[in-house]
1. If we scan segment 99-107, do we find a residue that is free of Cβ contacts under 8 Å to residues at least 24 places away in the same chain and either farther than 22 Å from residue 156 by Cβ or surrounded by fewer than 15 Cβ atoms within 10 Å (Cβ to Cβ) (or both)?
2. Examine segment 109-128 for a residue that is on the phi > 0 side of the Ramachandran plot and either surrounded by fewer than 14 Cβ atoms within 10 Å (Cβ to Cβ) or not in a helix (DSSP H, G or I) (or both), and state whether such a residue exists.
3. Output the residues belonging to segment 141-162 that are more than 30 Å from residue 65 (Cα to Cα) and buried (at least 16 other Cβ atoms within 10 Å of the Cβ).
4. Name the residue, out of 247, 259, that is buried (at least 20 other Cβ atoms within 10 Å of the Cβ), at pLDDT 95 or above, touching a strand residue (DSSP E or B) at 6+ places or on another chain (Cβ under 6 Å) and under 21 Å from residue 220 (Cβ atoms).
5. Would you confirm whether any residue within segment 58-80 is closer than 30 Å to residue 168 by Cβ, under 21 Å from the mean Cα position of the chain (by Cα) and without any contact (Cβ under 8 Å) to a residue 12 or more places away in the chain?
6. Within the set of pairs 6+ apart or on separate chains, which have a first residue in segment 169-191 that is over 19 Å from residue 271 (Cβ atoms), a second that is in a helix (DSSP H, G or I), and C-beta atoms under 7 Å apart?
7. If I ask for residues that are in contact with a strand residue (DSSP E or B) (Cβ under 8 Å, 6 or more places away or on another chain) and either surrounded by 22 or more Cβ atoms within 10 Å (Cβ to Cβ) or outside any strand (DSSP E or B) (or both), which ones from segment 34-54 would you list?
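The values are calculated or read from the model by the stated rules, or taken from the named source; none is laboratory data. Just so it is clear, the structure is predicted and the values come from calculations on it, not from any experiment. All Cβ positions, glycine included, derive from the backbone under ideal geometry; neighbour counts span all protein chains shown.
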């Protein structure tokens, strides 16, 4: 009979103080339940500030289910790296890069992965200056905060007043990114380890896949058989994996694309802590590949634990 102490321990960090707190709590509870089914001693931790006492406890793994804010922008990851803790997902540097939509686009442009033309506003300007800078993009445009998730603060505008209204909405969250709008199909590529998962296409009933479409609108359709030709399907998967690698991701992530009418994919963003709710895309893609939700969570937690064990073995081998 297995003793309780023989089972690996994991703290599931969820909640946080960002605009995505409620979604994060749902993700964390789902992950915690799944890991318990996979023989982990899982403890749910509702994070309400950067003061997290559980980081001082000897958990084998910390499973990061914090969306947005300091859970996804590298702040929490830096704290855990300083303490030499084993945690899931990307390190601090990559987390910061992927949370910063403008920096991520620059990194992928260098890797020759197409992204939408954009302009970045890092300070407040006059209405005339906003419109002059956005004019070369043509219309319509997508307006979004530089570093928010779950489509918080995002809008699409086709005229000058709409652009100004969108910027005023997005600027509440910090710097603002204005992108050339690309009409097309919304394709999502999950990556697990070093393997791209099946593509999930999202068909929202709303103007785009916004917060309400993600978490409240039952009319949103999720297609795991997108009907793409083999060449396009493989190209989008390959670009998802290429973006994952170019950004320095590890363990898992979700890479989002728009496929235009000519069959050209454009990178939108990479999500290093995607949702783990009943409507989340990474678990949906994994299930399509035959990976049940508890197994997915176990694989992610195990990667973090094995990485920590390998580091310890290397240090022991050189006598440190």
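1. Yes, segment 99-107 contains a residue that is free of Cβ contacts under 8 Å to residues at least 24 places away in the same chain and either farther than 22 Å from residue 156 by Cβ or surrounded by fewer than 15 Cβ atoms within 10 Å (Cβ to Cβ) (or both).
2. The answer is yes; a qualifying residue exists.
3. 141, 157, 162
4. Details: 247 fails: under 21 Å from residue 220 (Cβ atoms).
Testing whether each residue is buried (at least 20 other Cβ atoms within 10 Å of the Cβ), at pLDDT 95 or above, touching a strand residue (DSSP E or B) at 6+ places or on another chain (Cβ under 6 Å) and under 21 Å from residue 220 (Cβ atoms) leaves just 259.
5. The answer is no; no qualifying residue exists.
6. Close Cβ pairs satisfying both conditions: 176/167; 176/170; 178/134; 178/137; 180/137.
7. 35, 36, 40, 42, 45, 47, 48, 52, 54
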